[in-house]
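The values are calculated or read from the model by the stated rules, or taken from the named source; none is laboratory data. Everything numeric here is computed off the predicted structure, so don't read it as measured data. Here the Cβ positions follow ideal geometry from the backbone for every residue, glycine too, while neighbour counts run over all protein chains shown.
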Amino acid sequence: NRSDSDGFGFVIISSVNKNGSTIGRIIEGSPAARCGRLQVGDRIVAVNGLDILHMHHGEIVNLIK
């Protein structure tokens, strides 16, 4: 759970050489850390069922927000 003013608490890394994005960092005490299900290095391939494998980093970040 998070409030509307909170971020999710993780940093995603996108690369033109790899499909999708990976979690590069999880901020301590953040909603992402509290959920306990995300790990650094996890690959993100879809957001809300939408394939993100060929999207640009900015588009992926906006979808997550």
Residue count, the range 1-31 (criterion: within 13 Å of LYS65 (Cα to Cα) and surrounded by 11 or more Cβ atoms within 10 Å (Cβ to Cβ)): 7
Residue under evaluation ARG25, criteria (1) in contact with a strand residue (DSSP E or B) (Cβ under 7 Å, 6 or more places away or on another chain); (2) on the phi > 0 side of the Ramachandran plot, criterion not met: (2)
Residue among SER5, SER15, SER30 that is among the hydroxyl-bearing types (Ser, Thr, Tyr) and modelled with pLDDT of 90 or more: SER30
Verdict on VAL61 being of a type outside the set (Phe, Trp, Tyr), at pLDDT below 90 and not in a loop (DSSP other than H, G, I, E, B): yes
Number of positions in the range 28-52 that are part of a loop (DSSP other than H, G, I, E, B) and out of contact with any strand residue (DSSP E or B) (no Cβ under 8 Å at 6 or more places or on another chain): 6
Check on ILE13, in contact with a helix residue (DSSP H, G or I) (Cβ under 9 Å, 6 or more places away or on another chain) and without any contact (Cβ under 8 Å) to a residue 12 or more places away in the chain: yes
Selected residue (criterion: nearest to SER5 (Cα to Cα)) from residues of the range 15-65 that are among the charged types (D, E, K, R) and under 11 Å from the mean Cα position of the chain (by Cα): LYS65
